[in-house]
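Chemist: Take this structure first; my questions come after.
The values are calculated or read from the model by the stated rules, or taken from the named source; none is laboratory data. Just so it is clear, the model here is predicted, and its values are computed rather than measured. Positions of Cβ are backbone-derived with ideal geometry, glycine not excepted, and every protein chain shown enters the neighbour counts.
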């Protein structure tokens, strides 16, 4: 079956291939930030973007820090300005949804994920958690999203047959 990637999945693959990243063990906050010329700080405050820097909450687990990095990187790269001061609540919620979706794909890239045979979501969660250094909740969300995309690809294939 041919998996139909989204534009976001294609962009993230292109980004990682440019960095020479092809395997989960290569996913590293500081190396990615260095490539982008972004400074990352680990401080005892909630994760956020400040100017052209990312602050990651040092109190979080390494898995949560990786997830926050993906989320905040979206804000830095794809969104602009001070969200709180200038945006209405609906647009702010939309940007947060986009950043959460970006993080799912950035932290567990489809082009790497698709290399593994995962029988089902409950069995795949521990594998994704360990392999991609994410939390169980994050792994579950990512696998549900991936399963849904696989089902859409199957449906498109059936419609085109």
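Chemist: Here are the criteria: (1) modelled with pLDDT of 90 or more; (2) closer than 26 Å to residue 35 by Cβ; (3) surrounded by fewer than 18 Cβ atoms within 10 Å (Cβ to Cβ). Tell me which single one residue 118 does not satisfy.
Modeler: Here residue 118 meets the rest and fails (2).
Chemist: Sticking with this one: Step by step: first the residues of the stretch 121-148, then only those that are within 19 Å of residue 102 (Cα to Cα) and out of contact with any helix residue (DSSP H, G or I) (no Cβ under 8 Å at 6 or more places or on another chain), then the one that is modelled with the lowest pLDDT. Which residue is that?
Modeler: 148
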